[in-house]
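The values are calculated or read from the model by the stated rules, or taken from the named source; none is laboratory data. Everything quoted here is computed from the prediction, not taken from an experiment. Backbone-built Cβ (ideal geometry, glycine too); neighbour counts: all protein chains shown. Each accessible area value is taken on the protein alone, full model and side chains, heavy atoms only, with ligands, DNA and RNA left out. Shrake-Rupley method; radii C 1.70, N 1.55, O 1.52, S 1.80 Å.
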Amino acid sequence: HAKSRGGNGYQFFNESMNKNAVRRLQLENQLRQALRNNHLQVHYQPKVSLKTHQFVGLEALVRLDIPGVGIISPAEFIPLAEETGLIIDVGERVLRQTCRDMREWVASGAVDGRVAVNLSAKQFLQPDLTQRIMNILDEEGLDPKCLELEITEGVVMEDPERAIQIMTELHFCGIHLALDDFGTGYSSLAYLKRFPIQTLKIDKAFIDDINGAERDRNMVASIVAMAHNLGLDVVAEGVVNAAQASTLHHLNCEFAQGFLFAQPLKRDQFLAHIKTPVKKPAHVLLN
Ligand code: C2E
Ligand code: MG
Ligand code: MG
Ligand code: MG
């Protein structure tokens with residue numbers, strides 16, 4: 001504390017600003033170095049059916065794995081990658097690695113369904129986005145129907161008309177589209193109706209207290225009903241216990257991701273995980 005060390009408040013403020021600046025610089029260097037040395041890693045989190053708890057698809061989540069430092073989470077470096085423009089390189093590598101892994105898994109019969117990849121604002125607004133993505137799919141030999149792109153509300157609402165254009169192009173190519181972190185941004189319902197998306201992902205913030213707070217439960221029920229009325233699938237994010245999974249199932253939410261089922265896993269762990277038989281949920285055992 002500044003006072004207890006005999007300094008003044010300004011001193012303390014400057015010190016903490018300084019610390020942030022230093023950390024930022026360090027992180028930027030780590031990111032650049034990771035890109036040079038190929039230390040980006042793609043982990044995969046399964047998506048399951050809430051009816052059967054069986055695997056139905058997966059999401060690719062990037063990490064920096066720096067020798068001697070450890071794993072740095074995307075929550076930490078993606079915003080910086082956005083600011084510096086490095087996100088374009090990061091995003092392209094994640095997409096390429098994901099398509100490569102998925103192609104192998106689909107070809108061997110280990111996996112079917114779709115793999116979802118997150119897109120941030122700068123990536124989404126690249127003028128030649130569709131062409132770039134189609135080139136990567138083509139080069140890696142993955143069918144566009146095996147790919148899903150996740151875009152957050154915030155990104156599409158920055159310029160909704162332009163977003164509709166881009167999404168229409170991607171959808172026309174056979175790529176599925178999901179609106180990520182739904183409920184945390186401010187999607188206008190008028191736009192939601194016009195977005196050519198197929199899936200809505202309900203943010204973890206609504207799931208956390210779904211059994212404790214009636215308001216949260218009602219909110220999720222409404223989101224699910226609205227999504228279904230618009231012809232969209234619904235995925236609940238951040239499901240950590242069986243009670244949440246059961247409530248979501250009763251609210252007609254059909255899919256989920258979360259630590260209850262699996263954390264994001266390295267590719268080999270992921271493959272081992274989806275080969276192990278699932279424990280059936282209580283509502284299936286009862287029938
Ligand atoms: P997101 O796309 O909403 O991904 C869900 C995040 O929640 C992931 O964090 C995942 O590990 C975490 N998660 C999943 N289930 C649970 C759970 O049951 N409990 C808790 N506490 N967390 C859970 P992660 O991997 O740290 O990624 C954070 C965010 O970073 C992602 O949020 C996404 O917005 C962004 N991101 C990750 N990978 C990429 C990427 O390749 N490109 C871009 N542009 N963004 C990415
Ligand atoms: Mg996501
Ligand atoms: Mg999300
Ligand atoms: Mg998120």
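How big is the C-alpha Rg of the chain next to the rule-of-thumb value 2.2 N^0.38 Å, as a ratio?
On the way: Rg = 20.6 Å, N = 287, 2.2 N^0.38 = 18.9 Å.
Normalised Cα radius of gyration, the chain: 1.09.
For the chain, what is the calculated [θ] at 222 nm in deg cm²/dmol (nearest 500), taking -39500 (n - 2.57) for each run of four or more DSSP H residues and dividing by its residue count?
It lands at -15500 deg cm²/dmol.
Which is farthest toward the positive dipole end of the range 130-287 among Gly174, Cys146, Ala213, measuring Cα position about the Cα centre, with Cβ charges +1 (Lys, Arg) and -1 (Asp, Glu)?
Comparing the listed Cα positions along the dipole, Ala213 ranks first.
Please report, as a whole percent, how much of the solvent-accessible surface of the range 106-246 comes from carbon and sulfur atoms (probe radius 1.4 Å).
51
Percent relative contact order of the chain, based on C-alpha pairs within less than 8 angstrom and at least six residues apart? Each step should come with its number before you reach the end.
Details: 434 pairs, mean separation 51.8, N = 287.
Relative contact order, the chain: 18 percent.
Pick from Pro160, Pro79, Pro67: which is most flexible by mean-square fluctuation in a GNM of the chain where alpha carbon atoms under 10 Å apart are linked?
Checking each option, the largest mean-square fluctuation is seen for Pro67.
Solvent-accessible area of His249, probe 1.4 Å, all protein chains present, reported in Å² to the nearest ten, please.
Accessible area, nearest 10 Å²: 50 Å².
When only Cα pairs under 8 Å and 6 or more residues apart are kept, what is the percent relative contact order across the range 85-242?
17
Which whole-number value in Å² is the accessible area per residue of the chain, probe 1.4 Å?
On a per-residue basis, 52 Å².
Please give the peptides 143-152, 21-30 ranked by average Cβ packing (other Cβ atoms within 10 Å per residue), highest first, as a rough proxy for protection.
The densest-packed peptide leads the list: 143-152, 21-30.
If I build a Gaussian network model for the chain, linking alpha-carbon pairs within less than 10 angstrom, which residue out of Ala163, Ala178, Ala245 has the largest mean-square fluctuation?
Ala163
With charges set only on the Cβ (+1 for Lys and Arg, -1 for Asp and Glu), what does the dipole of the chain come to about its Cα centre, in debye to the nearest 20?
Taking the Cα centre of the chain as origin, the dipole is about 740 debye.
What residue among Asn135, Asn252, Asn18 shows peak mean-square fluctuation when the chain is described by a Gaussian network model with Cα springs under 10 Å?
Asn18
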